[in-house]
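Student: Supplied in structure tokens, the structure appears directly below.
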Amino acid sequence: MINLDNLLRKNIKSLKPYSSARDEFQGEASVFLDANENPFNAPYNRYPDPLQQLLKEKIAGIKNVPAGNIFLGNGSDEPIDIVIRAFCEPGENNIVAIDPTYGMYKVAADINNVEYRTVKLSENFELVSTSVFAAIDKNTRLVFLCSPNNPSANYLDVSEMEKIIEGFEGIVVLDEAYIDFSNHVGFLPKLSKYPNLVILQTFSKAWGLAAIRLGMAFASKEIISVFNKIKYPYNINALTQEYALKILNNDEQKNKWVKEILANRKLLVDQLSNISCIKKIFPSDANFVLVKVDDAEGLYKYLIDNKIVVRNRSKIALCAGCIRITVGSKGENEQLCMALKQYSLNPG
């Protein structure tokens, strides 16, 4: 068991959170005169539920996690920022993260003036727990893992992740944004086993809701209560809550999208393997594929000229000569492959 009091920043432990009108009264009433709201333009004149109870109950039924173990943020970036603010004293504590990985972990650390230490994955993007522990010291409060990882697309070794979660005396943040596209179930079924684990998931990928900016964090009730203490009072607006509830009623549609994306991923990989400018295709557990090419910069510019946008990842760790390709619709993937074949005939 971890002692959160020993990990939390002193000012967060003593913080008295803002109490909104909707925090102080929850229930049914015919006249609301407590929040200085405009009496006109119902229902959008009213502040939204600050704790998103209906939405959390719906998510709880889908994810098989109690609502009290769920935090909802403005994208996953909000809980990433909040977990740093909760546990890392600026200029004193540090964070350890794998490299390469999602870039916002470092940005959030830099914004909060917290040292960010990187541990390179192996050349095949494999996680080595001993390397992570070698970077940890008495001032390390957080370890960030991303699985399936971005940009490498691979699912990290389960036993190596478990060694870190079980052996680290701080908080492990496991980003599972792409878990719906993996054959692995992820760590959500094991959440109650690990009181120091924070799992991030999102509505941006499998649910096709990147525009509404809604991220999920799953953790112990004690950690969730800390997040709720720090967050802004009405961090998830009413329109986002309404639309998410509507979409969550159609879980079957999401599953169809995922199935189609996985089929398109297989087809895309098969097509890419027969194109000469593609030198290596890395295994994918995500809705994107990382590939190595001869001239990533030249190929990227060629595709841009042909109105096709991919991500040039050649300047980040272990990804020299690599581009990242999101799995699109069948038609979009075919358009990409046609352009790649033309490029292969006349590179540069």
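Nothing in this text is a laboratory measurement; each read-out follows from the coordinates by a stated rule. Remember, predicted model here, so these are calculated numbers, not experimental data. When we count neighbours, we look across all protein chains shown, and the Cβ atoms used for this are built from the backbone with ideal geometry, even at glycine.
Residues checked against (1) more than 21 Å from Asn287 (Cβ to Cβ); (2) without any contact (Cβ under 8 Å) to a residue 40 or more places away in the chain; (3) not hydrophobic (A, V, I, L, M, F, W, C):
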position: Glu115; (1), (2), (3): yes, yes, yes
position: Ala134; (1), (2), (3): yes, yes, no
position: Asn139; (1), (2), (3): yes, no, yes
position: Tyr155; (1), (2), (3): no, no, yes
position: Lys163; (1), (2), (3): yes, yes, yes
position: Glu166; (1), (2), (3): yes, yes, yes
position: Gly170; (1), (2), (3): yes, no, yes
position: Lys190; (1), (2), (3): yes, yes, yes
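Student: Another question, then. Would you check which residues across region 163-184 are within 14 Å of Cys146 (Cβ to Cβ) and part of a strand (DSSP E or B) and list them?
Tutor: Val172, Val173, Leu174, Asp175
Student: While we're on this one: Within region 109-131, restricting attention to residues that are outside any loop (DSSP other than H, G, I, E, B) and either closer than 24 Å to Ser314 by Cα or of a type in the set (Phe, Trp, Tyr) (or both), which residue is farthest from the chain's Cα centre (by Cα)?
Tutor: Among residues in region 109-131 that are outside any loop (DSSP other than H, G, I, E, B) and either closer than 24 Å to Ser314 by Cα or of a type in the set (Phe, Trp, Tyr) (or both), the one farthest from the chain's Cα centre (by Cα) is Ser131.
Student: Within the group Thr240, Thr326, which residue is of a type in the set (Ser, Thr, Tyr) and buried (at least 19 other Cβ atoms within 10 Å of the Cβ)? Give the derivation first.
Tutor: Working: Thr326 fails: buried (at least 19 other Cβ atoms within 10 Å of the Cβ).
Step by step, each of Thr240, Thr326 is checked, and only Thr240 is of a type in the set (Ser, Thr, Tyr) and buried (at least 19 other Cβ atoms within 10 Å of the Cβ).
To keep it simple, each residue is scored yes or no on (1) part of a helix (DSSP H, G or I); (2) farther than 16 Å from Phe227 by Cβ.
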site	(1), (2)
Glu37	no, yes
Phe40	no, yes
Arg46	no, yes
Lys56	yes, no
Phe71	no, no
Gly91	no, yes
Ile98	no, yes
Tyr105	yes, yes
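Student: Related question: Assuming Tyr194 fulfils every condition listed in (1) under 22 Å from Cys88 (Cβ atoms); (2) in contact (Cβ under 8 Å) with a residue 40 or more places away in the chain; (3) not β-branched (Val, Ile, Thr) apart from one, which condition is it?
Tutor: The single condition Tyr194 does not satisfy is (2).
Student: Take Asp295 and tell me if it is surrounded by 12 or more Cβ atoms within 10 Å (Cβ to Cβ) and of a type in the set (Asp, Glu).
Tutor: Criteria met by Asp295.
Student: What number of residues within region 210-250 are farther than 21 Å from Ser14 by Cα and either aromatic (Phe, Trp, Tyr) or assigned to a strand (DSSP E or B) (or both)?
Tutor: 6
Student: Filter region 263-310 down to residues that are in a helix (DSSP H, G or I) and of a type outside the set (S, T, N, Q), then give me how many there are. Don't jump to the end; show me each part of the working.
Tutor: Looking only at region 263-310, we keep the residues that are in a helix (DSSP H, G or I), and these are 263-272, 296-305.
From what is left, the residues that are of a type outside the set (S, T, N, Q) are 263, 265-270, 272, 296-305.
Number of matching residues: 18.
Student: Same structure, new question: If you go through region 270-284 one residue at a time, do you hit one that is under 27 Å from the mean Cα position of the chain (by Cα), buried (at least 18 other Cβ atoms within 10 Å of the Cβ) and among the charged types (D, E, K, R)?
Tutor: no
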